[in-house]
Amino acid sequence: MTARRLDQILSRLAEAAVAVVGDFFLDKYLEIDPALSETSLETGLEARQVVAVRCQPGAAGTIAANLCALGIDRVICIGFVGDDGEGFELLRGLRELGADADRILARADRFTPTYRKPLVRHPDGRVRELERLDTEHREPLPPNLEESLITAVREVAPEVKAVIAQDQVQEPECGVITSGMRQALAELAEQHPNVVWFGDSRFRIGEYRNLIVKPNRQEVCRAIHPDTPAHDSAGAKNCAAIVSAQVGRPVYLTLGADGMALITPDEAQPIPTARPEGELDIVGAGDSATAGIVSALCGGATLEEAGVLGNIVASITVQQIGTTGTATQDQVRQQFARHTEVWRELPRRG
């Protein structure tokens with residue numbers, strides 16, 4: 001991998017359209033000033049004082065944000081929000097990024113999944129995140145909504161270079177990526193072999209078919225050994241090889257500070273990464289890596305080169321504290337230049 005090759009890949013992103021189908025959450029940050037803290041007269045408990053509120057797209061929205069930041073020409077979002085204030089904020093946030101949110105369906109019978117994140121900001125600039133407050137669906141997706149979402153994916157498949165499926169919700173059949181959606185994606189991947197089909201899931205990574213997938217160590221071990229703790233890296237790679245055979249495509253296994261490995265049933269290719277220094281915030285790192293990998297594949301990268309770009313993007317976003325960060329092309333080039341020796345000898349598959 002060279003700087004010239006990186007430029008070649010990045011230069012093609014402005015020609016690409018990518019669809020992101022999945023669970024779009026609102027990340028709602030509540031910034032607290034501890035100096036203003038009061039004691040509630042009614043309960044005697046501390047009443048923390050929120051001095052700023054900021055909202056941004058999360059979960060699948062984090063992937064969309066990173067695709068936009070990397071310069072993908074058209075980012076098509078497919079999912080749903082509630083007919084509520086959080087849905088308004090999420091749609092506004094996606095459109096401010098430059099994403100196409102016309103296929104995000106607003107439903108009066110659903111609420112907008114939201115991560116509320118209280119942050120204590122100290123005078124010296126340090127940030128401490130308190131316990132998160134989550135609202136997400138724990139009831140099955142209505143059949144008519146599921147069918148509308150599947151129809152939207154079918155409509156955009158001929159128009160895009162890549163489709164990313166992002167499954168965020170723990171309870172089965174309660175988010176956008178239901179068993180019916182996974183079946184539709186598998187069929188579409190066969191019908192459109194020139195499109196990059198890519199899947200991510202916290203709890204069901206092994207249930208995709210015909211999609212490249214990107215689990216972390218815990219996710220891939222859970223897929224094969226659901227009742228045992230996550231294995232070490234060697235054991236996780238063995239699990240990833242089994243998942244690769246199940247899904248019928250390669251697996252990008254993320255390994256934290258050790259980068260990632262590109263896994264097939266017969267081979268494990270390490271993809272090195274730079275090790276960022278200082279305070280880190282790993283929230284959203286996996287989603288930003290997904291955006292980097294898929295963007296690179298849209299730009300004509302090999303599988304290994306795409307892993308490099310995924311690692312570069314994640315190494316940038318984890319250094320952005322108190323937010324799910326993004327990485328621009330300029331930041332990617334600068335990070336590559338700082339750590340050229342890490343990726344110089346990366347083998348390229350023919």
List the residues, sorted by chain then number, that are 5 or more residues from Asp167 or on another chain and whose placed amide H is less than 5 Å from its amide H. Asp200, Ser201, Arg202
For Glu136, Glu277, ascending order of other Cβ atoms within 10 Å (fewest first) is Glu277, Glu136
How big is the charge dipole of the chain about its Cα centre, in debye rounded to the nearest 20, if each Lys and Arg gets +1 on its Cβ and each Asp and Glu gets -1 on its Cβ? 960 debye
For the range 13-133, what does the relative contact order come out to in percent, with C-alpha contacts under 8 Å and a separation of six or more? 32 percent
Karplus-derived HN-Hα couplings along the range 193-206 (A = 6.51, B = -1.76, C = 1.60, θ = phi - 60°), whole Hz, x at Gly and Pro: x, 7, 8, 7, 10, 9, x, 9, 7, 6, 10, 9, 5, x
Considering only Pro57, Ala19, Pro226, whose Cα is most displaced toward the positive end of the charge dipole of the chain, charges sitting on Cβ of Lys, Arg (+1) and Asp, Glu (-1)? Ala19
Working only with C-alpha atoms, what are the Rg and Dmax values of the chain, expressed in angstrom? 20.1, 70
If neighbour count is taken as other Cβ atoms inside 10 Å, put Leu67, Leu255 in order from fewest to most. Leu255, Leu67
Can you list the residues, at least 5 places off or on another chain, whose amide H is less than 5 Å from the amide H of Gln320, using H built in the peptide plane? Asp281
Taking every DSSP bridge whose two residues both lie in the range 1-131, the antiparallel percent to the nearest 5 is 45 percent
Exposure proxy ranking, count of Cβ atoms within 10 Å, fewest first, for Ser201, Ser148: Ser148, Ser201
Considering amide H positions built from the backbone, and no H for Pro or chain starts, which residues 5 or more places from Asp73, or on another chain, come under 5 Å of its amide H? Glu15, Ala16
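Given the range 241-322, report the % of alpha carbon pairs whose separation exceeds 14 Å.
In whole percent, the share of Cα-Cα pairs in the range 241-322 beyond 14 Å is 60.
Rule-based calculations on the coordinates, nothing more; no lab input. Given the structure is predicted, the values throughout are model-derived calculations rather than measurements. Positions of Cβ are backbone-derived with ideal geometry, glycine not excepted, and every protein chain shown enters the neighbour counts.
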